[in-house]
Structures are given as structure tokens and as C-alpha cells.
1. Select, from VAL90, VAL106, the only residue that is assigned to a helix (DSSP H, G or I), of a type in the set (Val, Ile, Thr) and open to solvent by 10 Å² or more (accessible area, probe 1.4 Å).
2. Consider THR289 carefully, then state whether it is outside the structural domain of GLY51 (by the TED database), modelled with pLDDT of 75 or more, within 16 Å of PHE335 (Cβ to Cβ) and not basic (Lys, Arg).
3. For the stretch 171-242, give me every one of the helices (runs of 4 or more DSSP H) that falls completely inside it and has 2 or more residues that are open to solvent by 50 Å² or more (accessible area, probe 1.4 Å) and farther than 27 Å from ALA41 by Cα.
4. Just wondering, is there one or more residues in the stretch 256-274 that are under 19 Å from GLY360 (Cβ atoms), modelled with pLDDT of 75 or more and open to solvent by 20 Å² or more (accessible area, probe 1.4 Å)?
5. Provide a single number: the residues in the stretch 26-55 that are open to solvent by 10 Å² or more (accessible area, probe 1.4 Å) and at pLDDT below 85.
6. Could you tell me which of the residues LEU313, LEU307, LEU301 is at pLDDT 70 or above, farther than 18 Å from ALA375 by Cα and assigned to a helix (DSSP H, G or I)?
7. It is to be established whether one or more residues within the stretch 93-103 are over 26 Å from LEU26 (Cα atoms), exposed (fewer than 14 other Cβ atoms within 10 Å of the Cβ) and modelled with pLDDT under 90.
8. Kindly provide the set of residues from the stretch 117-168 that are among the polar types (S, T, N, Q) and either more than 25 Å from LEU236 (Cα to Cα) or part of a helix (DSSP H, G or I) (or both), ordered by number.
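The values are calculated or read from the model by the stated rules, or taken from the named source; none is laboratory data. Just so it is clear, the model here is predicted, and its values are computed rather than measured. Glycine also receives a Cβ, built like all others from the backbone with ideal geometry; neighbour counts cover every protein chain displayed. These area figures cover heavy atoms from the full protein model, side chains too; ligands, DNA and RNA do not enter into them. Shrake-Rupley method; radii C 1.70, N 1.55, O 1.52, S 1.80 Å.
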Amino acid sequence: MSEVVWRGAYPVFTLESLKLKWNVFLLYAMGLALYPLLDDARLVLPYFVAGFLFVAFSGDFWETAQVFLSKPYRRLHLFFELFLSNLLIVFLMIAPFALFDVRSVVFALFAIPFLPLGYLTSLAIKSPKKAMTAGIVIFLLLTFVPPGIVQLKAQEKAQSALEIKSLEDYEANKEEYGRLVTELERRYSNYAFFSPGAQLELFARDVETDDREDAFLRLSITLATFLALTSLALFLFLRFEPGTVIKPSLPALYIPSLPWWIGKELAGLWASRTFQALLVLLILPVDGTLKSFALLFLLPLASLEVLSENPVLILSKPVGRSYLLRRFLITSLLFGISIPVCRFSFGVAFFLASLTFFIGLFTRKGALILIPVLALLFAPAISSAEASLVLMVLSAIPLILSAFRLSRMDFSAWGGVG
């Protein structure tokens with residue numbers, strides 16, 4: 001599919017247009033045909049058409065983005081091309097309703113916040129079907145629930161203020177009650193700024209009563225919400241990776257000038273449970289000595305993670321056998337972010353990691369078993385600057401032995417190295 005789309009003059013617009021299947025056009029044609037017969041309800045029909053189209057386009061936003069991110073597309077340009085394509089297609093679908101009543105097209109503008117809101121849903125839920133289902137539910141909830149709540153609260157408040165307890169009380173204060181309910185609905189709808197449905201309901205009333213000032217306020221609130229949600233969606237798309245739990249993107253994305261092999265290690269660490277555990281450890285409000293001791297486990301475990309990837313796959317690239325050792329050194333260097341907190345224990349941990357790396361070239365299971373033994377054995381040295389410096393220097397011995405072992409290893413039997 002991506003190849004077909006890429007050959008078009010406007011690939012993003014083309015792909016988004018292809019999402020409009022024949023059944024969508026059938027429903028759209030039925031809506032146009034029935035429009036003159038719907039009386040007052042017809043004015044909000046374009047709003048629902050636009051809302052469901054925005055949900056349809058934004059439901060698989062991330063899946064569509066992945067198609068183009070495999071091409072030479074920058075995220076910023078891709079976001080705005082998708083964004084403008086979705087807006088343009090929906091506008092073209094809504095425009096014919098203006099032939100019947102221009103007001104209905106203006107009402108459709110209130111559905112516009114559901115486009116970036118759908119993007120946010122798609123970034124939080126990778127599955128297009130689940131994201132679309134969630135988007136439809138959010139669309140219906142924000143359209144119908146807040147206006148109902150606002151109306152009930154306004155009526156309760158007005159009845160309490162005017163002490164209306166019977167039909168006779170209502171008839172005696174009918175005009176004042178209506179005025180107070182309208183005033184309270186406007187006030188409470190300001191709090192429900194996130195609900196296009198609440199703003200649309202008041203806007204429709206303002207159009208009938210020719211209250212231009214409040215109508216402009218309702219439209220402004222909706223557009224401000226739209227801009228805020230769009231800014232949030234853009235920020236998350238540029239700086240975060242989507243998933244069940246959104247987390248920051250790979251640091252390598254922010255430093256494109258780095259060599260590819262450094263970027264690869266950054267990516268590997270970002271997916272590494274050991275490195276994630278280190279980040280959590282550094283921010284935990286626990287004693288520094290405990291953090292220093294934990295580092296004696298984490299850095300050696302990270303060295304085994306380097307060896308967990310099949311070297312045959314790595315060596316299929318234009319790199320030498322020493323690349324495995326280079327990977328270990330880069331990983332250890334990145335673990336250096338712990339130095340301000342763990343201080344002298346980093347030198348001890350680096351020595352244990354070097355030793356673990358060397359042993360892991362013979363037996364990874366044996367190296368894993370030795371990690372707690374070595375950590376307990378060398379724990380007294382974590383507070384000594386002299387011991388840390390000496391062990392850092394002594395790390396050269398297992399590193400040199402590791403380089404010699406790598407030059408002689410038979411990687412074809414790597415899967416069997418226990």
C-alpha cells in the first residue's frame with residue numbers, strides 16, 4: 001500500500017481519501033437526501049457527519065503515520081500534512097450542506113476539536129479499531145452528556161433561588177425562571193469548555209435570538225479548545241512514542257548527528273529494563289548508599305543484556321568483532337549518568353561489569369549467578385575513592401581478555417553458549 005501511495009502527487013491526501021469506502025459515501029448520500037426532511041434536526045446533521053469523519057480519520061492516525069515515517073518524512077511535516085488533509089476532506093464533505101442552509105455548516109465547525117482529540121486517542125491506543133471505538137464513545141459522551149448536566153444543574157439552581165416548589169410557583173415566576181436558567185447555562189457551559197455539544201447548543205440558541213456576542217464567545221471557546229488539543233497532540237507526536245503507556249522518544253532522535261552505532265545503543269538502552277530500573281532508582285527517595293549498592297547489580301546485568309543479542313546478526317553489518325566490546329563500553333558510558341548520585345561506586349560497578357562481560361563470553365548463566373556474589377564481595381569498596389580508582393584501572397585486564405576472546409570465538413555456536 002505504501003508504494004502505491006508514494007507514487008501519488010499528494011501521498012498523504014491520497015491515503016486519507018482512500019479511507020472513504022463506498023459504504024461511507026452511501027451513508028453520506030443518504031444524509032444529503034434526507035436533509036430537507038429532517039426539519040429542525042437537519043441543522044445539526046453536518047455536525048454529526050463531521051464528528052464521525054474526524055473520528056474515522058484520527059482513529060488510525062498512528063498507523064498511517066508509521067507508513068510515512070518509513071519514508072524520508074519529518075514528523076512535523078507529516079503531522080501537518082495529515083492534519084490539513086483530514087480538515088480538507090471533511091470540509092469538502094460538509095460544503096454541499098451549505099446549498100440547503102449555511103447555518104448547518106457553521107454548526108459543523110463545533111465538531112473540529114474531535115480531530116486532535118482523536119489523534120490523542122490514537123497515540124494512547126495503538127489498535128486502530130480500539131482507538132476508533134474509543135473516539136466514537138468520546139464523541140457521543142462530549143456531545144450529549146455535558147449539555148444535559150449543565151441543563152439539570154441550571155434548572156436546580158434556578159428552582160432553588162426562586163423557591164419554585166409547585167406548578168403555581170413556576171407559573172408565577174415563569175419569565176424570571178427562564179431568564180435565570182439561560183444565564184446559569186451560559187455560566188456552567190463556560191466550565192464545560194471541553195464539550196463541543198454544550199457550546200453548540202448555546203450557539204444554536206444565540207443564532208435564534210441574534211445574540212452575536214455570546215455566539216462569538218461559544219465559537220471562540222470551541223476554537224481555543226481545538227488549538228489547545230492540537231498543540232498537545234503535536235507535542236506528544238513529536239516527543240513521545242505511542243502505546244499503552246506513553247513514554248519519551250529515543251534520545252537518538254534528538255541528536256541525529258550521532259553515529260548510527262551510538263544511536264543503536266541508545267535505542268537498546270531505552271528498551272532495556274535494566275536502564276529503566278536505573279532511572280527509577282536515581283529518582284527514588286532512598287539513601288545514596290543503597291543506590292550505590294544497587295548499581296553493583298544493574299551495570300553487570302546491563303553487560304549481559306549486551307550479550308543477549310545474537311552477534312551473528314550484528315556481524316552481518318560492516319563492523320568488526322570488536323563492535324561487541326564497543327557496545328559494552330558505550331552502555332557503561334551511558335550508565336555514567338549515575339555518577340552524581342552513586343559517586344565512587346561507579347568505578348566498582350564498572351569493574352564488576354567488565355568481569356561479568358568477560359565471563360559471559362564463556363557462559364552467560366554462570367556470569368548471571370556470579371553477579372550477586374561479586375556484588376556482595378566488592379560492596380565495602382563503594383565508599384572508597386582509592387578503591388574505585390584502582391578497580392577502574394584493573395578493569396583493563398578483563399577488557400583486554402574479552403577482546404582476545406572475541407577475536408577467537410566461534411559465533412556460529414553462540415546460541416549454545418550457556
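1. That would be VAL106, the only listed residue that is assigned to a helix (DSSP H, G or I), of a type in the set (Val, Ile, Thr) and open to solvent by 10 Å² or more (accessible area, probe 1.4 Å).
2. Values: outside the structural domain of GLY51 (by the TED database): yes; modelled with pLDDT of 75 or more: yes; within 16 Å of PHE335 (Cβ to Cβ): no; not basic (Lys, Arg): yes.
Against the criterion (outside the structural domain of GLY51 (by the TED database), modelled with pLDDT of 75 or more, within 16 Å of PHE335 (Cβ to Cβ) and not basic (Lys, Arg)), THR289 does not qualify.
3. 212-239
4. yes
5. The number of residues fulfilling the criteria is 17.
6. None of the other options fit; the residue is LEU307.
7. Checked against the condition, which is being over 26 Å from LEU26 (Cα atoms), exposed (fewer than 14 other Cβ atoms within 10 Å of the Cβ) and modelled with pLDDT under 90, the stretch 93-103 yields no hits at all.
8. THR121, SER122, THR133, THR143, GLN151, GLN155, GLN159, SER160, SER166
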